[in-house]
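Colleague: Handing you this structure, nothing more for now.
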Amino acid sequence: MTKLDTAKLSRDFTKDISNKITSVPEPQGFRHFFYAMICTLCPRKCNIDRSEKKGFCNVNDTVMLARAALHFYEEPSISGKEGSGAVFFSGCNLKCVFCQNEKISRGLIGKEVSVEKLANIFLSLEAQGANNINLVTPSHYVPLIKEALIIAKDKGLSIPIVYNSSAYELPETLKMLEGLVDVYLPDFKYSDETMALNYSKAYDYPEVARAAIAEMFRQVGEPKFDSRGIMKKGVIVRHLLLPGGVKNAKNVVSYLHETYGDSIYISLMNQYTPLDTDSLKKAGEKYPALLRKVTKREYERLLDFVLSLDIKNAYFQEGDTASESFIPEFDLTGV
Ligand code: SF4
C-alpha cells in the first residue's frame, strides 16, 4: 500500500509485506442493552436474545476470536515495521458473497473468550511490540469490547486502539466507544444501493456507512501521527475496488473528498481475490465479473480519478496484490 502523493508516489506497503513475513467511564447499563432479551446493536436490528440464539451475524453473546497476532498487511501508518496487533473477531453482520475471510465471518471458526481474557490478549499484543490494537470486524461485540478495553487500560494498555470495520453499523453503538478508540479504519464498500443489496444483502449500506463514518470522524477528528509515522488519531476509509466496480468506487471517493477533503485518509485497494467458495461460485452465475481479479486498467482509471481531484491523503497498492497469501491463517493463534 502506497501513500498517494501527487508529486511522488512512494512508500510501498505491499513490498514491505513480501520482504517481511511477519480513565474511561464505567460501563454501566450496556450489558442490559446487549444481553437482556434483544440485540439491536447494528442496522440489522435482529431483536433476538443472543444468550439464546444467533442473529444475522451468526454468533452468540460471548466473544469469539479466530486469531490475535502481529499483522503486517495494513497501511504503513497502521502496521509500521513492528506490526499491528490484529484481533480477528468471528461473525459479521454483512454477508458479502465475495468475502475474503468467509470462514470467520460466517462464525465457523473461532474460540470463545471471556472479557477478561480479551483484555489480557490486548495486553499481550502490546507486550509483543504491536504498534496498536487492531479490532477486526468488531461491530457485533461492541459492548463486550468496550468492557475489555476498560479493563486493559486500567491495567496499563497504552497503545492506540484501531477499530477496523465494514462501516455497516449504527452511530449510537459507535458512541459507546467514544474516548476508547483512537483510529477508525472503516470500509466504504458501496455508493450504489443495488450493488450493496446484490453483493452484501444490505440495500441501505451507503446511507448507513455515511452516518457511521460521520460519527467516527466526530469522535477522533483530523489525523495525527507519532514520530515514526504511526497514526495516533484519525480516520482511514478503505475501498476495495471490485471487478467492474470503477463507477461505484469513483462515487465513494467523490463523496469522501467532498465531505472530508484531506481531513481523512482514503485507502484504495486492488487486492480483490476471487476465492474458491460456494457462495462466490453461486454469485458468479449471476455476477460473472466477481469471478475475476480487478484489471490493471480498472485500478489505473480509479487512481487517475483520485489524482484529478488532487487528493493528497490516500494510499494505493502497487503491482498485483490479488493473492490468497495476503489472507492470514485463522488457526486460533494467540487466542
Ligand atoms: S449485532 Fe448481530 S444479532 Fe445484533 S442486530 Fe446486528 S446482526 Fe443482529
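Colleague: Which of Thr259, Thr277, Thr194 comes first, and how do the rest follow, when ranked by fewest Cβ neighbours within 10 Å? Can you show the working numbers first?
Modeller: Working: Thr259 13, Thr277 16, Thr194 10.
Exposure proxy ranking, most exposed first: Thr194, Thr259, Thr277.
Colleague: Going by how many other beta carbons lie within 10 Å of each one, how would you line up His140, His71, His257, fewest first? Don't jump to the answer; show the numbers that get you there.
Modeller: Values: His140 31, His71 21, His257 18.
Listed from fewest to most nearby Cβ atoms, that is His257, His71, His140.
Colleague: Moving on. Would you mind working out the magnitude of the charge dipole of the chain relative to its Cα centre, with +1 at each Lys and Arg C-beta and -1 at each Asp and Glu C-beta, to the nearest 20 Debye? All intermediate terms of the calculation are to be shown ahead of the outcome.
Modeller: Numbers: 42 positive and 42 negative charges, 72 e Å.
Charge dipole, the chain, about its Cα centre: 340 debye, nearest 20.
Colleague: Give a quick list of GluC sites (Glu not before Pro) in segment 240-335 that DSSP marks as loop, anything other than H, G, I, E or B, with at most 12 other Cβ atoms within 10 Å. Before the final figure, lay out the partial values.
Modeller: Numbers: sites: Glu258, Glu285, Glu298, Glu300, Glu318, Glu324, Glu329; in loops: Glu318, Glu329.
Within segment 240-335, the qualifying GluC sites (Glu not before Pro) (loop, at most 12 other Cβ atoms within 10 Å) are Glu329.
Colleague: Using the charge dipole of the chain (Lys, Arg: +1 at Cβ; Asp, Glu: -1 at Cβ; taken about the Cα centre), state which of Leu70, Pro328, Gly156 has its Cα farthest towards the positive end.
Modeller: Pro328
Colleague: Continuing with the same structure: Relative contact order for segment 95-189: what is it in percent, counting Cα pairs under 8 Å that are at least 6 residues apart?
Modeller: On the way: 98 pairs, mean separation 25.1, N = 95.
Taking the mean separation of contacting Cα pairs over the length of segment 95-189, I get 26 percent.
Colleague: Where a ≥ b ≥ c are the square roots of the eigenvalues of the C-alpha gyration tensor, would you call segment 59-107 rounded, which needs a/c under 1.5, or, failing that, prolate if a/b is larger than b/c, or oblate? It would help to have the intermediate numbers written out before the result.
Modeller: Details: a/c = 3.13, a/b = 1.69, b/c = 1.86.
Oblate shape, in that a/c is at least 1.5 and b/c is the bigger or equal ratio.
Colleague: On to the next question. Can you check how the C-alpha radius of gyration of segment 49-180 compares to 2.2 N^0.38 Å, as a plain ratio? Please report the intermediate quantities before stating the final value.
Modeller: Numbers: Rg = 14.1 Å, N = 132, 2.2 N^0.38 = 14.1 Å.
Taking the Cα Rg and dividing by 2.2 N^0.38 Å, one obtains 1.00.
Colleague: How about segment 158-234: which trypsin sites (Lys or Arg not before Pro) there are in a DSSP loop, with at most 12 other Cβ atoms within 10 Å of their Cβ? Write out the running numbers ahead of the final one.
Modeller: Details: sites: Lys175, Lys189, Lys201, Arg210, Arg218, Lys224, Arg228, Lys232, Lys233; in loops: Lys189, Lys201, Arg228.
Listed in order of number, the matching sites are Arg228.
Colleague: Rounded to two decimals, what is Rg over Rh for segment 258-335 when you use alpha-carbon atoms and the Kirkwood radius?
Modeller: Values: Rg = 16.2 Å, Rh = 15.1 Å.
Taking Rg over the Kirkwood Rh, I get 1.07.
No value in this document is a laboratory result; all are computed from the given coordinates. All values reported here derive from a predicted model rather than from experimental measurement. Don't worry about glycine lacking a Cβ; one is built from the backbone with ideal geometry, like all the others, and counts go over all protein chains shown.
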